[in-house]
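The values are calculated or read from the model by the stated rules, or taken from the named source; none is laboratory data. Since the structure is predicted, the reported quantities are computational estimates derived from the model, not experimental observations. Using ideal geometry, Cβ is built from the backbone for each residue, glycine included, and neighbour counts are taken over all protein chains shown. For accessibility, only protein heavy atoms count, side chains too; no ligands or nucleic acids. Shrake-Rupley method; radii C 1.70, N 1.55, O 1.52, S 1.80 Å.
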Amino acid sequence: IEIKPNFWKVYFNKANLLSEMRRHEESIENYNKVIEIDSKNFEAYYHRANNLANIRKYHDALIDYDKSLSIKEDYIPAMMEKVKVLYKLKNYEKVIELCSKINLLEIGNEYSKVIKGEAFLALGKLKDAKKIFNEVLELNPNAKEAIGGIANIFTLQGNHDEANKLKVKYLGIIRFSQKAGLRVLDCYEKK
């Protein structure tokens, strides 16, 4: 930086390292410098947005994801991270819309399908959620998130026997975890 103060790649690499060290504010300052030098650097906006999301500045993160996507509109990593932020903000309609776009660009993107199913589930659109989770299971029969999603649908519908069968399968896939174990126990208690 002392030798070449306008060499954006050095700031970019420094920002990435600071981000890995979870020093998000310092990382953001270095991405700011990258953007100051190269205002069309879509990756700098994307990474700055990730750091903003990590410090829970979600609305600022969304602005940066949009800036990144305005420069490179089919940049899947920015779309995926934007989906996560939108989901945290409970903007489920936008999650579904963006996941549909991702699925057109990258047909086998399992995560975007799962989060789309979760958004339908959060909106109470159980039929749509089940359809999406079943699409995921066609791609990957051991997709634990899709199995868990369908189990949650059965639970909401009061079909605890089917929910329990799926949750036991879910447990078998991820081995035992306290969270998954509690889901199964919760299901038995409701029964």
> So for the pair residue 25, residue 90, with labels modelled 7 Å out along Cα→Cβ, what separation do we get in nm?
Replying inline: 3.0 nm
> Using a 1.4 Å probe on the protein chains only, how many percent of the accessible area of region 34-126 belongs to carbon and sulfur?
Replying inline: 49 percent
> What is the extension gain from residue 39 to residue 157, computed as 0.36 nm multiplied by their sequence separation minus the C-alpha to C-alpha distance, in nm to one decimal?
Replying inline: 37.4 nm
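I need the shape label for region 41-124. Rule: rounded when a/c is under 1.5, else prolate if a/b > b/c, else oblate, with a, b, c from the alpha carbon gyration tensor.
Cα axes put region 41-124 in the oblate bin.
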> For residue 3 and residue 59, what does the FRET efficiency come to when R0 = 35 Å and r is the distance between their Cβ atoms, rounded to the nearest 0.05?
Replying inline: 0.40
>> Rounding to the nearest 10 and keeping the result within 0 to 90°, find how far the Cα-based axis of helix 110-122 lies from the longest principal axis of the chain.
In response: 60 degrees
> Given the C-alpha centroids of region 45-96 and region 1-26, what is the distance between them in whole angstrom?
Replying inline: 21 Å
> Any idea of the accessible area per residue across region 1-130, 1.4 Å probe, to the nearest Å²?
Replying inline: 58 Å²
> Taking the Cα centre of the chain as the origin, how large is its charge dipole in debye, to the nearest 20, when only Lys and Arg (+1) and Asp and Glu (-1) carry charge on their Cβ atoms?
Replying inline: 580 debye
>> For Cα pairs less than 8 Å apart in space and 6+ apart in sequence, what is the mean separation divided by the residue count of the chain, i.e. the relative contact order in percent?
In response: 10 percent
> Using alpha carbons only, how many degrees (0 to 90, rounded to 10) separate the axis of helix 42-54 from the longest principal axis of the chain?
Replying inline: 60 degrees
> Once you put a point 7 Å from the Cα of residue 138 and another 7 Å from the Cα of residue 66, both along the Cβ direction, what distance in nm separates them?
Replying inline: 3.5 nm
> So how compact is the chain: Cα radius of gyration and Dmax in angstrom?
Replying inline: 20.2, 70
>> Rounding to the nearest 10 and keeping the result within 0 to 90°, find how far the Cα-based axis of helix 24-37 lies from the longest principal axis of the chain.
In response: 50 degrees
> Extent of region 1-85 along each principal axis, from alpha carbon coordinates, in Å, largest to smallest?
Replying inline: 39, 25, 17
>> Can you compute the FRET efficiency between residue 123 and residue 103 using 1/(1 + (r/R0)^6), with r the Cβ-Cβ distance and R0 = 22 Å? Round to the nearest 0.05.
In response: 0.80
